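Enquirer: Starting off with a structure, shown below.
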């Protein structure tokens, strides 16, 4: 006999779909939908009481979206928040941490002219 999933499990699945769908929207140049979906995922995560590593992933993705739309200052704040969430939880040498660290560093350097920022989503 299979157990039915509790409300928390369903919320996590919906949240996961939102952040993944947001990155899909970005890939298809719908920046507004992409940002909206990431922010909705963050709201759902907050309602669950938070999961720092998951929040770091979503904040990184939000930073990528903001950076791609020229909002570097806002993006920098999201990448910095993501890095703070990883402290003591994820090794700095991990690929996940390195991606976010590199994205953060890119927002601190001068913007390349006429180039889309090269920020990367954290491991899908």
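Any read-out appearing in this document is the output of simple, stated calculations on the displayed coordinates, not a laboratory observation. Fair warning: this is a prediction, and the values are worked out from it, not measured in the lab. Note that we place each Cβ from the backbone using ideal geometry, even for glycine, and neighbour counts take in every protein chain shown.
Enquirer: Just to be sure, is residue 15 farther than 26 Å from residue 105 by Cα, touching a residue at least 12 places away in the same chain (Cβ under 8 Å) and either outside any loop (DSSP other than H, G, I, E, B) or out of contact with any helix residue (DSSP H, G or I) (no Cβ under 8 Å at 6 or more places or on another chain) (or both)?
Expert: Spelling it out, residue 15 is indeed farther than 26 Å from residue 105 by Cα, touching a residue at least 12 places away in the same chain (Cβ under 8 Å) and either outside any loop (DSSP other than H, G, I, E, B) or out of contact with any helix residue (DSSP H, G or I) (no Cβ under 8 Å at 6 or more places or on another chain) (or both).
Enquirer: Considering only the stretch 37-48, I want to know if a residue exists there that is in contact with a helix residue (DSSP H, G or I) (Cβ under 9 Å, 6 or more places away or on another chain), in a loop (DSSP other than H, G, I, E, B) and within 17 Å of residue 16 (Cα to Cα).
Expert: Scanning the stretch 37-48, I find at least one residue that is in contact with a helix residue (DSSP H, G or I) (Cβ under 9 Å, 6 or more places away or on another chain), in a loop (DSSP other than H, G, I, E, B) and within 17 Å of residue 16 (Cα to Cα), so the answer is yes.
Enquirer: Residues in the stretch 56-100 that are part of a helix (DSSP H, G or I) and farther than 27 Å from residue 28 by Cβ: how many?
Expert: Residues flagged as part of a helix (DSSP H, G or I) and farther than 27 Å from residue 28 by Cβ within the stretch 56-100 amount to 6.
Yes or no, residue by residue, for (1) crowded, with 21+ Cβ neighbours inside 10 Å; (2) within 19 Å of residue 96 (Cα to Cα); (3) touching a residue at least 24 places away in the same chain (Cβ under 8 Å); (4) more than 9 Å from the chain's Cα centre (by Cα):
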residue: 11; (1), (2), (3), (4): no, no, yes, yes
residue: 20; (1), (2), (3), (4): no, yes, yes, yes
residue: 27; (1), (2), (3), (4): no, no, no, yes
residue: 32; (1), (2), (3), (4): no, no, no, yes
residue: 36; (1), (2), (3), (4): no, no, no, yes
residue: 47; (1), (2), (3), (4): no, no, yes, yes
residue: 65; (1), (2), (3), (4): yes, yes, yes, no
